[in-house]
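The values are calculated or read from the model by the stated rules, or taken from the named source; none is laboratory data. As the structure is a prediction and not an experimental result, all values here were calculated from the model. Counting neighbours? That spans all protein chains shown, and the Cβs are built from the backbone with ideal geometry, glycine included.
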C-alpha cells in the first residue's frame, strides 16, 4: 500500500521543520557565524525554498534565542557574550545534575541507557582518533539523551535552549583547550553512577563536571578578551 499523500497543512509543516533544522544546524556549527546577517529572500534562496516556511522557521529560531529578526534587514545571528555564558553555565549546573540524579534514583534499565552508552563510546573513540568535531557531537548527544530520559517537556525545552546557545561557543573554543580527556572520563563516571542507581554520586560528579568545564571555558573567553562570539 502506498503512503498517503500529505495534506497541504502537513506539507507546510514539514517544510517549516526542514528549514528550521537546516538553519539551526548551520548556526550551531558556526557555518552561519555570530553577527552574520541576511535578508529573508537570501535565506530562502540558500535553502531552495519559498519565503513562507523560511519565515516561520526564523520565527522559531528567534524564540530559541539564536537569531533576531531586524525589520527590512532580515535575520541576524546573535552573539553569545562572556556574561551570557556565565549565566548559562550557572543555570545548567543547577538543572542538569539534579535531573541526572532523579534519573539515577529511578534505576533505569540497561536498555534505557543504550543511547547514552553509545554516545559515551563515540566520545571515547573520537578522542582516540583526535576527531574533536565528532567528540563535540557525541558530547551533545549525551547531554540531550539525558534530557530525553526525563520525560519532562518543560525541563527539556529550557535546558536544550541554553545548551544550543552555549554549543556554538564550545565548538569555537574546543581547539583552544586541552584535549577533552578529563571530560570524557567524567561522562563515563556519570553514566556508571546512573547505571548503579547512585543518585547522590551522580549529582556530585555531574555538578563538578559542569563547574569545571564552565570555569575552563570562561577563562578562555576572558583570556582572549572576546566580548562576544
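Would you point out the residue of the range 141-155, among those that are farther than 15 Å from residue 190 by Cα and either outside the structural domain of residue 171 (by TED's automatic domain parsing) or surrounded by 15 or more Cβ atoms within 10 Å (Cβ to Cβ) (or both), that is nearest to the chain's Cα centre (by Cα)?
155
If I ask for residues that are touching a helix residue (DSSP H, G or I) at 6+ places or on another chain (Cβ under 6 Å) and either farther than 12 Å from residue 180 by Cα or modelled with pLDDT under 95 (or both), which ones from the range 114-126 would you list?
115, 116, 119, 120, 122
Given the residues 74, 35, which is the only one that is surrounded by 16 or more Cβ atoms within 10 Å (Cβ to Cβ), in contact with a strand residue (DSSP E or B) (Cβ under 7 Å, 6 or more places away or on another chain) and either in contact (Cβ under 8 Å) with a residue 12 or more places away in the chain or farther than 22 Å from residue 213 by Cβ (or both)?
Unique residue meeting the criteria: 74.
Would you be able to say whether some residue in the range 30-40 is assigned to a helix (DSSP H, G or I) and farther than 30 Å from residue 146 by Cα?
yes
Just one of 161, 129 is within 26 Å of residue 217 (Cα to Cα), under 12 Å from the mean Cα position of the chain (by Cα) and surrounded by fewer than 18 Cβ atoms within 10 Å (Cβ to Cβ); which is it?
Details: 129 fails: under 12 Å from the mean Cα position of the chain (by Cα).
Just one listed residue meets the conditions, 161.
Kindly indicate whether any position in the range 174-188 is touching a helix residue (DSSP H, G or I) at 6+ places or on another chain (Cβ under 8 Å), farther than 16 Å from residue 97 by Cα and crowded, with 18+ Cβ neighbours inside 10 Å.
Yes - at least one qualifying residue is present in the range 174-188.
Would you be able to say whether some residue in the range 189-196 is at pLDDT below 95, more than 24 Å from residue 80 (Cβ to Cβ) and not in a helix (DSSP H, G or I)?
Checked against the condition, which is being at pLDDT below 95, more than 24 Å from residue 80 (Cβ to Cβ) and not in a helix (DSSP H, G or I), the range 189-196 yields no hits at all.
For the range 38-71, give me each residue that is closer than 24 Å to residue 162 by Cβ and touching a strand residue (DSSP E or B) at 6+ places or on another chain (Cβ under 6 Å).
58, 61, 62, 67, 68, 69, 70
Check every one of the helices (runs of 4 or more DSSP H) wholly within the range 70-151 and list those with 1 or more residues that are more than 27 Å from residue 27 (Cβ to Cβ).
82-105, 114-128
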